[in-house]
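To start, the structure under review is shown below, and the notes come after it.
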Amino acid sequence: MKAIEIDWKLVQEYHNNEHCLSDVMKNFKVSRASIDTAVKHGCFVKKYFKQEHTEETKKAISEKRKKWLADNPDKHVWKRKGKFKSEPCEVLKKKT
């Protein structure tokens, strides 16, 4: 199999323009392992970008969450019987 030369400067420039790693991998057809190796050898620097939801995505998440809660009333966190119990606390109570 023939090794493919990757222009890491071009990849880095693309990534610096607020493209996440998954976009980099898709666009340049490189694997996560290749990126990790490039980082190890100093050819590439990973950056983390804060991603914020738009009003549209916030509304979609809210609607899906409300639907899930309506369809699963028994799975609400505040309706669990043992929500105030902890295993370490119960073990300590049994020992005393």
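The values are calculated or read from the model by the stated rules, or taken from the named source; none is laboratory data. Note that the structure is predicted; figures quoted are calculated from it, not measured. Ideal geometry is used to build each Cβ from the backbone, glycine not excepted, and the neighbour counts take in all protein chains shown.
Can you pull out every residue in segment 2-27 that is assigned to a loop (DSSP other than H, G, I, E, B), of a type outside the set (S, T, N, Q) and on the phi < 0 side of the Ramachandran plot?
The answer is Lys2, Ala3, Ile4, Glu5, Ile6, Asp7, His19, Cys20.
Please count how many residues of segment 53-83 are modelled with pLDDT of 85 or more and either closer than 30 Å to Leu10 by Cβ or under 24 Å from the mean Cα position of the chain (by Cα) (or both).
17
Do you know which of the residues in segment 28-62 that are part of a loop (DSSP other than H, G, I, E, B) and among the charged types (D, E, K, R) is surrounded by the fewest Cβ atoms within 10 Å (Cβ to Cβ)?
The selected residue is Lys50.
Could you please let me know if Ser86 is more than 30 Å from Trp8 (Cβ to Cβ) and of a type outside the set (Phe, Trp, Tyr)?
Yes.
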